[in-house]
């Protein structure tokens, strides 16, 4: 965990010096998902440099921006001073009461963990959502050229050490398995995007908490 924290602190320190451009992937979810959640804050879980927090705040949403990297939160603070920043490790119990949110956003932040840990994080996300609340998430795809071509050591199925750091790649079966208990997947699509200076293929998922 210390190595991962050092990596992300270094990464977001560098990003802070060369800010990323906006990536408004959440725009397609404003009408159908986000608008219904204006009575509660949106949790940006693993907010990174604050791209999603910035988009949400620009569109009038109350946002809690969370990350375990101090440098990520500092980059978010510079990008969106209005954001409420919370630092914690998502592999532990999330520091929010039950049913705190109608929407949790997790863009490229949930695919760094062993399968059981990932399920436990999803359980915590579900706990903090109101009934019928949504998780809007993106995950590395098994068809992501960058990670597919990278030299890597397999730890468990579709979970690798890449340059010494853990990365999980998802196919449709694993996306469906992740949300098999207590969720209804409204949408799960592979989409192309650009992050960290290169093209990525990601799964974009809208999953609703069932009662």
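The values are calculated or read from the model by the stated rules, or taken from the named source; none is laboratory data. The model shown is predicted, which means the values in this text are computed figures rather than measured ones. Using ideal geometry, Cβ is built from the backbone for each residue, glycine included, and neighbour counts are taken over all protein chains shown.
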### Query
Under the condition of being surrounded by fewer than 19 Cβ atoms within 10 Å (Cβ to Cβ) and touching a strand residue (DSSP E or B) at 6+ places or on another chain (Cβ under 7 Å), which residue from the range 96-111 is nearest to residue 206 (Cα to Cα)?
108
### Query
Has the range 158-171 got any residue that is out of contact with any strand residue (DSSP E or B) (no Cβ under 7 Å at 6 or more places or on another chain), free of Cβ contacts under 8 Å to residues at least 12 places away in the same chain, over 27 Å from residue 95 (Cβ atoms) and not in a helix (DSSP H, G or I)?
no
### Query
Which of the residues belonging to the range 197-211 are in contact (Cβ under 8 Å) with a residue 12 or more places away in the chain and either closer than 17 Å to residue 37 by Cβ or surrounded by fewer than 14 Cβ atoms within 10 Å (Cβ to Cβ) (or both)?
198, 199, 205, 206, 207, 208, 209, 210, 211
### Query
Is it true that some residue in the range 115-129 is touching a helix residue (DSSP H, G or I) at 6+ places or on another chain (Cβ under 6 Å) and either assigned to a helix (DSSP H, G or I) or within 27 Å of residue 176 (Cα to Cα) (or both)?
no
### Failed item in (1) more than 29 Å from residue 127 (Cβ to Cβ); (2) out of contact with any helix residue (DSSP H, G or I) (no Cβ under 7 Å at 6 or more places or on another chain), with residue 162 passing the rest
(2)
### Query
What about residue 188, is it touching a residue at least 12 places away in the same chain (Cβ under 8 Å), assigned to a strand (DSSP E or B), farther than 23 Å from residue 67 by Cβ and touching a helix residue (DSSP H, G or I) at 6+ places or on another chain (Cβ under 8 Å)?
yes
### Checking residue 23 against (1) over 22 Å from residue 130 (Cα atoms); (2) buried (at least 20 other Cβ atoms within 10 Å of the Cβ); (3) touching a helix residue (DSSP H, G or I) at 6+ places or on another chain (Cβ under 6 Å); (4) modelled with pLDDT under 95, the condition it does not meet
(2)
### Message
Return the residues of the range 84-108 that are closer than 17 Å to residue 128 by Cα, assigned to a loop (DSSP other than H, G, I, E, B) and in contact (Cβ under 8 Å) with a residue 24 or more places away in the chain; say none if nothing qualifies.
### Response
89, 90, 91, 93, 94, 96, 97, 98, 99, 100
### Task
Filter the range 42-76 for residues that are in contact (Cβ under 8 Å) with a residue 24 or more places away in the chain, part of a helix (DSSP H, G or I) and surrounded by fewer than 19 Cβ atoms within 10 Å (Cβ to Cβ) and give the result.
70, 74
### Index of the failed condition, residue 16 passing every other in (1) modelled with pLDDT under 90; (2) more than 16 Å from the chain's Cα centre (by Cα); (3) not in a helix (DSSP H, G or I)
(3)
### Message
Just the residues that are over 22 Å from the mean Cα position of the chain (by Cα), assigned to a strand (DSSP E or B) and either at pLDDT 85 or above or exposed (fewer than 15 other Cβ atoms within 10 Å of the Cβ) (or both), please, taken from the range 142-157.
### Response
153, 154
### In the range 172-191, the residues that are under 24 Å from residue 151 (Cα atoms) and touching a strand residue (DSSP E or B) at 6+ places or on another chain (Cβ under 6 Å)
175, 190, 191
